[in-house]
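Just below is one structure, and these are the notes that go with it.
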Amino acid sequence: MQLKLDDDRISSYLSFLGYTSLYPPQQLAIEKGLLEDSNILITTPTASGKTLIAILAAIKSLEKNKKVVYLTPLRALAYEKYLEFTSIDKSGIFSRKIRIKISTGDFNTSNADLSSADIIIMTNEKIDSILRHNASWLSNVGLFISDEIHLIGDQDRGPVLEMVLTKIKKYYSSSQILGLSATITNASEIAGWLGSRLIESTWRPTKLIEGVYSDGVIYSNDDSRIKVSESGKDTTSMAIDLIMNSLNSNGQNLIFVETRKRAVSLAKKVSEVVSKTLSPEEKKNTLKVSKQILEEGDDTDLTKNLSNLISTGIGFHHAGLSLSSRGVVEEAFKNGIIKSLFATPTLAAGVNLPARRVIITNVTRYDFVYGASVPISVLEYKQLCGRAGRPQYDAYGESIIISDSRTSYEDLYDHYILGIPEPLNSNLGNIIAIKIHLLGVIASFNGISLDDIYDLFSKTFYSFQDSNNTSLFDKIDSSLDYFLEEDLIRLQNNMYNVTGFGKLVSNLYLNPETAVAFRNTINDIKPKSVKINNVFGFLHMITTCPDFYPKLSFRKQDIEEFSYLFYNNYDDFFSDVDIMDCSRSLWTLYEWINESTEKRMNERIGVEPGDIHRIVEVSNWLVSSIFEICKLLNRNDLLPVLFSLESRIKHGVKAELVPLVQIKDIGRARARSLHGAGINVPNDLLLISESKLSMIPKIGPKLAKKLKKKYSS
């Protein structure tokens with residue numbers, strides 16, 4: 001669509017990008033008031049140009065010297081968006097420097113340094129934390145962009161996004177709101193709640209063909225019937241046949257499977273066939289990436305398997321991989337080096353990795369609430385198939401569900417291909433979500449009345465969908481009673497105020513029930529009863545609280561081995577604990593702070609690098625929260641133990657290395673090496689020559705010089 005713009009700066013930016021035309025949804029957004037501060041909700045398919053729409057709106061906000069906040073549900077997307085928004089500064093359309101910052105972690109901070117940024121990219125949880133701190137720079141935000149806004153219907157992440165948008169609507173009503181999403185069935189309802197203009201479009205740069213594969217035939221919604229050479233009737237054979245059929249026409253494949261284990265096993269079987277099709281140049285490229293995985297990753301069997309598979313042009317991607325491995329896989333797939341990528345569905349909500357053909361091997365997923373496998377929703381299916389089609393390479397994309405003997409292809413076709421995605425519903429009615437966000441609201445004010453609380457929550461999407469607020473208000477009343485009983489808030493002159501404890505809990509971004517459990521346990525600990533090395537009780541506190549994840553239960557083979565550890569440390573628990581009150585997560589954390597390698601933990605406990613990373617990250621937040629609660633309760637006797645434990649969790653070291661990991665550039669490996677050379681505390685560096693220091697393994701001349709300079713001055 002030819003450019004229809006009267007805006008010189010926008011035109012200059014588009015010229016910088018080399019655009020001579022806009023996609024239809026982009027042109028429609030401009031016509032609907034995108035550049036005139038109107039609230040807009042865009043619901044269009046993947047790759048239809050939503051990011052450019054956001055950038056154009058950002059340019060208009062920057063023109064008024066207003067800040068732009070870009071909200072993403074996932075950290076993995078933040079850096080991708082950062083790179084895209086840097087094009088504003090590179091284009092030179094502003095005479096000043098456009099400063100962009102990413103802020104995704106550290107809940108207990110208002111991030112005052114963000115006040116110097118023009119564009120701030122952050123997660124929904126991070127902006128929620130900043131809203132609680134009433135950061136002064138928020139008043140100068142001219143545009144809030146909410147990406148993947150359909151996640152408002154997500155059971156876990158939805159309530160955070162809903163409360164963030166509710167607060168923005170109420171307290172920053174002069175700011176423009178731009179919501180971005182793939183197709184939403186009840187988009188008009190969400191637009192009505194946001195007070196925004198709705199732009200719905202099914203247009204996409206590549207045609208999407210959806211179908212079901214059964215008995216050697218792909219039944220597609222373009223009325224075509226494509227025959228595929230069959231090698232067998234089982235799911236694995238059918239997946240191989242579809243992959244080879246696509247590769248024969250130079251198509252890339254993204255195969256969604258139900259579990260991590262399935263992703264790896266299916267990738268191995270397919271690799272045996274695909275490896276024979278690689279050209280010498282392709283083999284050279286795959287070997288290069290295979291080597292990179294080993295150099296940048298860990299030494300687990302999982303990473304070695306991945307490296308071997310990539311050398312054949314095949315890869316897998318799931319949450320068990322380390323961050324570095326995932327990054328290498330994503331880049332290799334984008335560059336066409338990996339021909340077929342096997343992934344769990346979490347990838348569909350993550351980075352942008354389109355493929356010519358998306359293959360869905362199974363439409364059921366294990367649901368831990370129901371304790372059984374259940375069919376995925378039509379909405380989830382549409383999210384998966386939205387990855388089909390590479391705009392820069394393909395004129396079309398294909399999404400294919402494999403039909404096995406359990407379900408007829410006609411039923412799958414009718415339900416998923418012809419089905420309409422389920423409407424989004426609020427999940428704020430969950431009592432835990434109410435408690436978390438209600439305390440945050442009260443903490444944001446010096447005093448707030450019950451009527452004002454009701455008024456805010458009556459502006460939520462939950463209330464918009466059910467105008468009878470009796471159930472919502474009952475949950476608020478129940479939560480307020482809980483807060484009063486647990487001394488999180490006080491009622492004075494009909495106004496609710498947080499106590500010091502309640503304020504701290506809100507600032508730490510803790511579930512109130514987690515904080516109350518922490519406080520009660522801390523109060524029960526006898527003074528001076530905990531020593532630096534006696535940390536099992538704290539590990540149990542962390543891994544059993546409501547905020548901890550992932551909670552990995554024991555396998556049958558784990559109990560016997562863990563029981564020795566359990567009974568050997570039993571005196572360190574703060575109450576009577578049964579072995580089944582523990583978990584593989586606790587065991588993993590214990591092994592981590594005692595310097596076990598990822599390889600050892602993977603072999604011994606069956607935990608993968610990505611899980612270790614998440615356990616460490618969440619545990620670091622929770623132990624620092626316990627530290628702050630202890631300070632508030634004047635339990636100074638526990639602070640040295642917790643400071644040591646926090647360092648141990650952060651760096652994965654035994655207590656004896658804590659002094660050394662306080663040194664910049666010294667992690668677990670270098671600290672252990674220094675300790676082995678007789679350096680136990682930073683001041684010991686004064687007693688060793690630079691030449692001897694440089695000869696210590698993992699130190700070297702460059703770091704030795706840096707350390708000597710710092711500790712000799």
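The values are calculated or read from the model by the stated rules, or taken from the named source; none is laboratory data. Quantities reported herein were computed from a predicted structural model and do not represent experimental measurements. Because the Cβ atoms are built from the backbone with ideal geometry, glycine has one as well, and the counts that use them run over all protein chains shown.
Residues in the stretch 61-76 that are among the charged types (D, E, K, R) and under 18 Å from the mean Cα position of the chain (by Cα): Arg75 only. Looking across Leu341, Leu353, Leu306, one residue alone is in a loop (DSSP other than H, G, I, E, B), surrounded by 17 or more Cβ atoms within 10 Å (Cβ to Cβ) and not acidic (Asp, Glu). It is Leu353. Each residue in the stretch 699-713 was checked for being over 38 Å from the mean Cα position of the chain (by Cα) and in a loop (DSSP other than H, G, I, E, B), and 1 pass.
When Ser585, Ser624, Ser596, Ser575 are checked against the criterion of being assigned by TED's automatic domain parsing to the domain that holds Pro527, small (Gly, Ala, Ser), outside any helix (DSSP H, G or I) and closer than 18 Å to Phe548 by Cβ, Ser575 stands alone in meeting it.
One residue stands out among those in the stretch 22-57 that are more than 28 Å from Gly397 (Cα to Cα) and small (Gly, Ala, Ser): the one that is nearest to the chain's Cα centre (by Cα), which is Ala57.
With the condition kept exactly as written, say whether any residue in the stretch 515-524 is surrounded by fewer than 21 Cβ atoms within 10 Å (Cβ to Cβ) and not in a helix (DSSP H, G or I). Checked the stretch 515-524: no residue is surrounded by fewer than 21 Cβ atoms within 10 Å (Cβ to Cβ) and not in a helix (DSSP H, G or I). Checked against the criterion of being of a type outside the set (D, E, K, R), closer than 12 Å to Asn124 by Cβ and either at pLDDT 95 or above or in a helix (DSSP H, G or I) (or both), the candidates Leu138, Leu143, Leu161 yield just one match: Leu161.
The number of residues in the stretch 633-677 that are assigned to a helix (DSSP H, G or I) and among the basic types (Lys, Arg) comes to 5. The single residue among Phe566, Phe548 that is over 19 Å from Ala319 (Cα atoms) and either buried (at least 18 other Cβ atoms within 10 Å of the Cβ) or in contact with a Lys or Arg (Cβ under 7 Å, 6 or more places away or on another chain) (or both) turns out to be Phe566. Residues in the stretch 678-698 that are more than 40 Å from the chain's Cα centre (by Cα) and not in a helix (DSSP H, G or I): Gly678, Ile688, Ser689, Met695. Residues of the stretch 330-355 that are of a type in the set (Lys, Arg) and either under 15 Å from Leu266 (Cβ atoms) or in contact with a strand residue (DSSP E or B) (Cβ under 6 Å, 6 or more places away or on another chain) (or both): Lys339 alone. Among residues of the stretch 353-371 that are outside the structural domain of Arg387 (by TED's automatic domain parsing), none has a Cβ under 6 angstrom from a residue that is surrounded by 22 or more Cβ atoms within 10 Å (Cβ to Cβ) and modelled with pLDDT of 85 or more at a sequence gap of 6+ or on a separate chain. Here Val358 fulfils each of the conditions (1) buried (at least 19 other Cβ atoms within 10 Å of the Cβ); (2) under 24 Å from Lys304 (Cα atoms); (3) of a type outside the set (Asp, Glu) apart from (2).
Counted as qualifying within the stretch 175-250 are the strands (runs of 3 or more DSSP E) with 1 or more residues that are among the acidic types (Asp, Glu), namely 197-200, 207-214. Applying the set (1) modelled with pLDDT under 95; (2) part of a helix (DSSP H, G or I); (3) in contact with a Phe, Trp or Tyr (Cβ under 7 Å, 6 or more places away or on another chain) to Glu80 leaves exactly one unmet item: (3). Filtering the stretch 135-152 to residues that are more than 25 Å from Ser48 (Cα to Cα) and touching a Phe, Trp or Tyr at 6+ places or on another chain (Cβ under 9 Å) leaves Leu138, Ser139, Val141. Of all residues in the stretch 260-277, those that are in the same structural domain as Ser237 (by TED's automatic domain parsing) have Cβ atoms under 6 Å from Cβ atoms of residues that are among the aromatic types (Phe, Trp, Tyr), 6 or more apart or on another chain, in Ala263/Phe316; Ala263/Phe342; Val264/Phe316; Leu266/Phe342; Ala267/Phe316; Ala267/Phe342. Each residue in the stretch 569-602 was checked for being in contact (Cβ under 8 Å) with a residue 60 or more places away in the chain and surrounded by 20 or more Cβ atoms within 10 Å (Cβ to Cβ), and 5 pass. Does Asp547 qualify as being in contact with a Leu (Cβ under 9 Å, 6 or more places away or on another chain) and either farther than 15 Å from Val623 by Cα or not hydrophobic (A, V, I, L, M, F, W, C) (or both)? In short, yes. In this entry, Tyr393 is excluded by the filter for residues that are at pLDDT 95 or above, outside any strand (DSSP E or B) and surrounded by fewer than 21 Cβ atoms within 10 Å (Cβ to Cβ). Within the stretch 470-500, being among the aliphatic types (A, V, I, L, M), in contact (Cβ under 8 Å) with a residue 40 or more places away in the chain and over 19 Å from Leu456 (Cα atoms) holds for one residue alone: Leu488. Quick check on the stretch 322-338: of everything there that is charged (D, E, K, R) and surrounded by 18 or more Cβ atoms within 10 Å (Cβ to Cβ), which residue is nearest to the chain's Cα centre (by Cα)? Selected residue: Arg326. Inspect the stretch 656-669 for any residue being of a type outside the set (Asp, Glu), at positive phi and surrounded by fewer than 16 Cβ atoms within 10 Å (Cβ to Cβ) and give the result as yes or no. Checking the stretch 656-669: not a single residue is of a type outside the set (Asp, Glu), at positive phi and surrounded by fewer than 16 Cβ atoms within 10 Å (Cβ to Cβ).
Sub-9 Å Cβ pairs linking a first residue in the stretch 659-687 that is under 18 Å from Lys710 (Cβ atoms) to a second residue that is modelled with pLDDT of 95 or more and of a type in the set (Asp, Glu), at least 6 apart or interchain, are Asn680/Glu656, ordered by first then second residue.
Taking the conditions exactly as written (part of a helix (DSSP H, G or I) and without any contact (Cβ under 8 Å) to a residue 12 or more places away in the chain), does Asp89 satisfy them or not? Answer is yes for this residue. Among the numbered conditions (1) closer than 30 Å to Thr236 by Cα; (2) touching a helix residue (DSSP H, G or I) at 6+ places or on another chain (Cβ under 9 Å); (3) buried (at least 20 other Cβ atoms within 10 Å of the Cβ), the only one that Ile177 does not meet is (1). Which of the residues belonging to the stretch 183-223 are surrounded by 17 or more Cβ atoms within 10 Å (Cβ to Cβ) and of a type in the set (Phe, Trp, Tyr)? Across the stretch 183-223, the qualifying residues are Trp193, Tyr213, Tyr219.
Do the conditions hold for Thr286, that is, is it among the hydroxyl-bearing types (Ser, Thr, Tyr), more than 18 Å from the chain's Cα centre (by Cα), buried (at least 18 other Cβ atoms within 10 Å of the Cβ) and in a helix (DSSP H, G or I)? Yes; evaluated as a whole, the condition is true for this residue.
One residue stands out among those in the stretch 396-437 that are hydroxyl-bearing (Ser, Thr, Tyr) and closer than 26 Å to Leu341 by Cα: the one that is surrounded by the fewest Cβ atoms within 10 Å (Cβ to Cβ), which is Ser405.
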